[in-house]
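The values are calculated or read from the model by the stated rules, or taken from the named source; none is laboratory data. Note that this is a predicted model, so its numbers are computed, not measured. Backbone-built Cβ (ideal geometry, glycine too); neighbour counts: all protein chains shown.
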Amino acid sequence: MTITLQIDGKEVKARKGMTVLESAREAGIEIPTLCYHEKLKPCGVCRICSVEVEKKGKTRVVASCGFPVEQGLVVRTRSPRIDKIRKVIIELVAPTIMVDGEVAGEIKKIGKEYRADIHRFESRFRAKPTRCILCGQCVRYCNEVVGEHAIGFMGRGIDRRAAFFPEKARACLTCQACFNLCPTGKIPSETDFVVFDGFSVDDYLAGEL
Amino acid sequence: MSNKRLCSASELERLRTGILAKRNPDKPIITVCTGTACQAYGSLEVFRRFADELKKQGSGGSVVEAKATGCHGFCEQGPVVVIFPQEICYVRVKLEDVPEVVSTTLAGDGVIERLLYNDPVTGERIAKAPDIPFYKNQVRIVFGNNKHIDPGEIDDYIALGGYSALSKALFLMTPEQVLEEIKRSGLRGRGGGGFPTGIKWETTRNASRGLKYVIVNCDEGDPGAYMDRSIMEGNPHAVLEGLTIGAYAMGSQEGFIYVRQEYPIAYQNTIQAVRQAEEYGFLGKGILGSGFDFGVTMHRGAGAFVSGESTALMSAIEGKVGEPRMKYIHTAVSGIKGRPSCLNNVETWANVPAIINRGAEWFNSVGTKGSKGSKIFSLVGKVNNTGLVEVPMGMTLRQLVYDIGGGIPKGKRFKAVQTGGPSGGVIPERCLDTPIDFDELTKLGSMMGSGGMVVMDEDTCMVDIARYFVSFCCEESCGQCIPCREGLRMLREILTDICEGKGKEGDIEAIEDIAEVMEDASLCALGSTAANPALTTLRYFRDEYEAHIKDKRCPARACKALTAYYIDPAKCTACMICRKSCPTEAICGDKSIIHWIEQEKCIKCNTCFEVCPPRFSAVRRISGEPLPPPPAPGTRVVREKKR
């Protein structure tokens with residue numbers, strides 16, 4: 001079934017069951033993402049893909065990666081409200097991932113586009129900069145695609161972190177499927193395997209864990 | 001199946017008549033509140049002593065009966081003992097009071113004056129529970145039966161007309177009529193959002209054929225709120241009956257009751273109630289001999305606040321981590337295992353039997369235009385009568401705080417009331433005449449929430465309150481999405497800095513920016529409302545923020561880093577009281593030698609301020625101004641000569 005919706009003033013055709021993000025990308029309209037991966041179920045945690053949707057005269061902000069297309073839906077991927085969301089999100093995560101006063105990769109690109117001041121909250125950030133924004137791509141890829149379940153989440157709230165299950169570590173030596181997923185560049189840059197919170201594959205194999 | 005199983009509406013009525021026939025309405029019953037709060041005061045021991053004492057004094061339950069009930073609501077005065085039928089109310093009853101209460105009741109002569117409630121306003125002792133202002137101004141639709149029911153005794157519930165609404169729904173109404181009745185009643189969800197219950201039910205009913213679920217959300221976790229606990233503990237059958245009626249209306253055969261881990265008594269009492277309901281045929285196959293089947297599974301939480309969010313709760317029931325997920329398709333359509341799932345809060349379900357029994361018109365007659373019926377609040381904080389109160393919607397906050405709550409202790413000034421827990425906000429004195437109503441509270445920037453109501457007096461710092469609730473959410477958020485996790489982390493750092501005198505220009509704007517993005521872009525309602533305490537304190541008490549940031553002054557003199565303690569040499573009588581109470585020996589001076597505080601040793605525990613006798617009031621709290629110099633060491637008190 002074909003659905004017609006409007007994205008940024010453009011008529012877009014989509015199929016039932018598609019998300020706003022998928023139909024936008026198919027129509028060549030770019031929406032930034034950090035936690036989205038086409039092989040994975042959308043989880044909507046980075047919120048960078050937030051867009052405004054208008055339905056029956058009511059406007060609200062939704063995560064485009066999870067919001068299903070609807071006939072007659074009006075979508076705005078840029079607006080002062082959306083730009084501010086993206087700007088502040090980058091400002092909030094910047095201190096976590098900063099190396100030598102700079103952020104890298106996709107986050108740097110989005111930060112520039114939305115004029116984020118990556119140093120805005122730097123002086124107030126007192127946690128350990130983990131270089132991880134908890135997008136969960138590595139965790140979900142390991143669970144949903146590889147099926148190894150070697151990485152997971154621990155803790156909650158501001159103590160949430162991605163953690164490595166050492167019992168499962170042997171698989172990682174040859175798999176390395178998560179290496180190219182990380183939007184902050186943390187995983188491929190640290191190929192000595194000291195990647196996840198306190199565990200190292202080498203330590204584990206050496207019998208030290 | 002046991003022989004207790006009821007197979008028709010008339011069998012239920014016969015059972016009820018039988019129970020009532022065995023009961024003598026004039027027989028004195030000593031009820032002891034054994035809700036969690038009163039149990040903390042030792043009410044369980046008090047109850048046991050009553051049972052022993054009745055045996056000892058020769059009655060053994062035949063002349064006078066002792067009954068352990070659920071929460072009566074007047075928690076501040078626990079353990080609460082009420083003697084029926086006269087409803088004589090004894091408060092703060094101790095073990096050693098029991099023999100006297102028993103002998104007085106057996107003799108049937110009068111009351112024990114010293115155990116009666118002493119009204120702080122009039123100074124009079126009040127004998128009967130209904131005459132106590134705390135109870136007098138309440139309308140107890142949901143909560144009223146607690147005091148008559150031993151939660152382990154299904155007969156108590158049946159005696160009060162229990163399960164007659166279920167019987168009426170099953171035999172005299174179609175599912176559509178039940179649904180219509182709930183829709184017309186205007187009942188709105190008591191868990192916080194205030195969504196119209198009937199519309200939610202209709203969505204689930206119409207969602208799809210086949211398996212669908214109904215769920216009781218008893219994951220109440222707002223600081224200071226315990227309404228649902230008291231219903232679940234004290235009257236679990238009311239919730240079960242409401243749930244079963246809902247299941248009938250929606251065409252569901254399977255229900256879940258999710259009880260948070262921290263509510264062991266509620267969990268136990270509900271399990272027992274489910275077993276009894278199954279025995280009597282109120283649950284299971286062919287309920288009351290009708291063609292309707294419905295069963296209930298208990299689920300105990302694992303200690304996460306965020307699991308009270310509907311999608312997180314459903315994930316937990318599925319056996320996954322209790323974390324919220326995107327719900328662009330309503331859970332009423334796609335919830336547990338992708339099936340239509342209707343989740344309502346404990347209090348919402350508990351309203352259903354009354355609506356079915358007494359009709360939508362009756363329910364409509366209570367409340368305001370947009371909010372019908374009553375609402376239970378836990379009135380806590382700086383208020384004289386703390387406890388659970390059930391009031392009609394539309395009562396003003398002022399009536400609640402002053403008429404029922406008895407005002408602010410120690411003659412202090414009212415400052416604000418915090419409603420709706422970490423998702424709600426503070427409401428200042430100038431809004432006290434606002435009627436309590438879902439929409440009115442939202443207009444003020446707060447929300448009804450599940451019903452927590454924390455009263456604050458002049459000594460409470462509003463920046464500190466915002467910091468407290470934000471810190472709570474830092475630990476209780478699931479931490480999945482960036483706006484909520486990182487937004488809260490940064491809000492906490494900024495608010496803590498402001499409280500510690502390290503606030504700087506631009507902080508207020510930063511708080512507002514973060515709050516706006518959290519509200520717009522968070523994954524679930526925890527995140528989108530978590531900034532409300534910060535936003536409402538900013539809205540109503542912006543000057544307090546500015547005083548902290550610009551003048552390094554805490555107007556409430558509550559933030560330790562910005563407050564110093566000082567003994568006024570002109571007022572100090574060198575009485576030694578504060579000196580002896582100081583835990584860090586920071587107070588110098590001696591008998592007849594004026595006291596002063598060594599600031600380096602002072603931990604600002606407020607003890608000296610509290611113990612200094614009001615007739616001297618020599619200890620002052622100073623914020624934002626230079627500390628006057630201490631007296632020269634060894635200055636002696638100049639006492640006026642006695643004439």
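Which of the helices (runs of 4 or more DSSP H) found entirely inside segment B:34-137 contain at least 2 residues meeting this: closer than 26 Å to B:Tyr402 by Cβ?
Once the helices (runs of 4 or more DSSP H) in segment B:34-137 are filtered for at least 2 residues that are closer than 26 Å to B:Tyr402 by Cβ, what remains is B:36-40, B:133-136.
Restricting to segment B:527-539, name every residue that is under 14 Å from B:Glu476 (Cα atoms) and more than 10 Å from every other protein chain (Cβ to nearest Cβ).
B:Thr529, B:Ala530, B:Ala531, listed by residue number.
Give the residues of segment A:135-148 that are of a type outside the set (A, V, I, L, M, F, W, C) and either within 13 Å of another protein chain (Cβ to nearest Cβ) or touching a His at 6+ places or on another chain (Cβ under 6 Å) (or both), sorted by residue number. Explain how you work it out, then say what you get.
So in segment A:135-148, the residues of a type outside the set (A, V, I, L, M, F, W, C) come out as A:136-137, A:140-141, A:143-144, A:147-148.
Correct list: A:Gly136, A:Gln137, A:Arg140, A:Asn143.
Any residue at all in segment B:543-558 that is buried (at least 20 other Cβ atoms within 10 Å of the Cβ) and within 30 Å of B:Arg636 (Cα to Cα)?
Within segment B:543-558 (the criterion being buried (at least 20 other Cβ atoms within 10 Å of the Cβ) and within 30 Å of B:Arg636 (Cα to Cα)), the answer is yes, since at least one residue qualifies.
Taking segment B:316-340 as the search range and keeping residues that are touching a helix residue (DSSP H, G or I) at 6+ places or on another chain (Cβ under 7 Å) and among the β-branched types (Val, Ile, Thr), which one is nearest to the other protein chains (Cβ to nearest Cβ)?
Restricting to residues being touching a helix residue (DSSP H, G or I) at 6+ places or on another chain (Cβ under 7 Å) and among the β-branched types (Val, Ile, Thr), the top hit is B:Val321.
So for segment B:293-309 (the condition being among the charged types (D, E, K, R), surrounded by 24 or more Cβ atoms within 10 Å (Cβ to Cβ) and either within 14 Å of chain A (Cβ to nearest Cβ) or over 22 Å from B:Trp201 (Cβ atoms) (or both)), does at least one residue qualify?
So far as segment B:293-309 goes, yes, one or more of its residues are among the charged types (D, E, K, R), surrounded by 24 or more Cβ atoms within 10 Å (Cβ to Cβ) and either within 14 Å of chain A (Cβ to nearest Cβ) or over 22 Å from B:Trp201 (Cβ atoms) (or both).
How many of the residues in segment B:257-291 are among the hydrophobic types (A, V, I, L, M, F, W, C) and over 16 Å from B:Leu12 (Cα atoms)?
7
Hey, could you check segment A:150-175 for residues that are closer than 25 Å to A:Phe125 by Cα and of a type in the set (Lys, Arg) and say which is nearest to the other protein chains (Cβ to nearest Cβ)?
Checked segment A:150-175; the qualifying residue nearest to the other protein chains (Cβ to nearest Cβ) is A:Arg160.
Wholly within segment B:519-583, which helices (runs of 4 or more DSSP H) include no fewer than the required count, namely at least 1 residues that are of a type outside the set (Phe, Trp, Tyr), closer than 18 Å to B:Arg620 by Cα and free of Cβ contacts under 8 Å to residues at least 24 places away in the same chain?
Because the criterion is at least 1 residues that are of a type outside the set (Phe, Trp, Tyr), closer than 18 Å to B:Arg620 by Cα and free of Cβ contacts under 8 Å to residues at least 24 places away in the same chain, the helices (runs of 4 or more DSSP H) in segment B:519-583 that meet it are B:577-581.
Are any residues in segment A:160-176 out of contact with any Gly (no Cβ under 7 Å at 6 or more places or on another chain) and at pLDDT 85 or above, and if so, which ones?
A:Ala162
Does B:Gly445 qualify as being within 21 Å of B:Pro223 (Cβ to Cβ), crowded, with 24+ Cβ neighbours inside 10 Å and within 29 Å of the chain's Cα centre (by Cα)?
Here the answer is no, as B:Gly445 does not meet what is asked.
Search segment B:76-91 for residues that are closer than 10 Å to B:Leu115 by Cβ and pair each with any residue that is of a type in the set (Gly, Ala, Ser) when their beta-carbon atoms are under 9 Å apart and the residues are at least 6 apart or on different chains.
What qualifies is B:Val81/B:Ser43; B:Ile88/B:Ala127; B:Ile88/B:Ala129; B:Cys89/B:Ala127; B:Cys89/B:Ala129; B:Val91/B:Gly78.
Name the residues in segment A:49-71 that are in a loop (DSSP other than H, G, I, E, B) and either surrounded by 20 or more Cβ atoms within 10 Å (Cβ to Cβ) or at pLDDT below 95 (or both), would you?
Residues satisfying the conditions are A:Cys49, A:Lys56, A:Gly57, A:Ser64, A:Cys65, A:Gly66, A:Phe67, A:Val69.
In segment B:492-510, what residues are more than 26 Å from B:Ser450 (Cα to Cα), more than 10 Å from chain A (Cβ to nearest Cβ) and of a type outside the set (D, E, K, R)?
B:Ile498, B:Cys499, B:Gly501, B:Gly503, B:Ile508
Based on what the data block shows, is B:Gly303 on the phi > 0 side of the Ramachandran plot, without any contact (Cβ under 8 Å) to a residue 24 or more places away in the chain and part of a loop (DSSP other than H, G, I, E, B)?
no
Taking segment A:9-28 as the search range and keeping residues that are free of Cβ contacts under 8 Å to residues at least 40 places away in the same chain and assigned to a loop (DSSP other than H, G, I, E, B), which one is nearest to A:Gly105 (Cα to Cα)?
Only one residue tops the list, namely A:Gly28.
Considering only residues that are aromatic (Phe, Trp, Tyr), over 21 Å from B:Pro555 (Cα atoms) and more than 14 Å from chain A (Cβ to nearest Cβ), which ones fall in segment B:435-479?
Passing the criteria: only B:Phe438.
What pairs can you find where one residue is in segment B:602-623 and in a helix (DSSP H, G or I), the other is of a type in the set (Val, Ile, Thr) and at pLDDT 95 or above, and their Cβ atoms are less than 8 Å apart, with a gap of 6+ or different chains?
B:Cys608/B:Ile567; B:Cys608/B:Ile587; B:Cys608/B:Ile597; B:Cys608/B:Val619; B:Phe609/B:Val619; B:Val611/B:Ile577
Residues in segment A:80-123 that are in contact (Cβ under 8 Å) with a residue 24 or more places away in the chain, within 10 Å of chain B (Cβ to nearest Cβ) and not in a loop (DSSP other than H, G, I, E, B): how many?
Residues flagged as in contact (Cβ under 8 Å) with a residue 24 or more places away in the chain, within 10 Å of chain B (Cβ to nearest Cβ) and not in a loop (DSSP other than H, G, I, E, B) within segment A:80-123 amount to 14.
Looking only at segment B:480-491, count every residue that is at the interface with chain A (Cβ under 7 Å from one of its Cβ atoms) and within 26 Å of the chain's Cα centre (by Cα) and tell me the total.
1
Scan segment B:370-402 residue by residue and report those that are of a type in the set (Phe, Trp, Tyr) and either touching a Leu at 6+ places or on another chain (Cβ under 7 Å) or more than 15 Å from B:Ile132 (Cα to Cα) (or both).
Result: B:Phe377, single match.
How many residues does segment B:217-253 hold that are of a type outside the set (Phe, Trp, Tyr), within 21 Å of B:Lys168 (Cβ to Cβ) and either crowded, with 24+ Cβ neighbours inside 10 Å or touching a strand residue (DSSP E or B) at 6+ places or on another chain (Cβ under 9 Å) (or both)?
17
Please name all residue pairs, on different chains or six or more residues apart, with Cβ atoms under 6 Å, provided the first residue is in segment A:29-49 and is within 14 Å of chain B (Cβ to nearest Cβ) and at positive phi and the second residue is surrounded by fewer than 23 Cβ atoms within 10 Å (Cβ to Cβ) and of a type outside the set (Lys, Arg).
That search, which allows pairs on different chains as well, returns A:Gly44/A:Gly66; A:Gly44/B:Met326.
Out of the residues in segment B:189-199 that are outside any helix (DSSP H, G or I) and touching a helix residue (DSSP H, G or I) at 6+ places or on another chain (Cβ under 6 Å), state the one that is farthest from B:Met227 (Cα to Cα).
We begin by selecting, within segment B:189-199, every residue outside any helix (DSSP H, G or I); these are B:189-196.
Then drop every residue that is not touching a helix residue (DSSP H, G or I) at 6+ places or on another chain (Cβ under 6 Å), which leaves B:189-190, B:194.
Details: B:Gly189: 14, B:Arg190: 10, B:Gly194: 16 Å.
By that ranking, first place goes to B:Gly194.
Could you check B:His72 against (1) over 33 Å from the mean Cα position of the chain (by Cα); (2) crowded, with 17+ Cβ neighbours inside 10 Å and say which number it fails?
Status for B:His72: all satisfied but (1).
Do the conditions hold for B:Leu343, that is, is it more than 14 Å from chain A (Cβ to nearest Cβ), assigned to a helix (DSSP H, G or I) and at pLDDT 95 or above?
no
Does B:Ile514 fit the bill of being within 9 Å of chain A (Cβ to nearest Cβ), farther than 21 Å from B:Thr419 by Cβ and over 19 Å from the mean Cα position of the chain (by Cα)?
yes
Determine, yes or no, whether B:Ala521 is touching a strand residue (DSSP E or B) at 6+ places or on another chain (Cβ under 6 Å) and among the hydrophobic types (A, V, I, L, M, F, W, C).
In short, yes.
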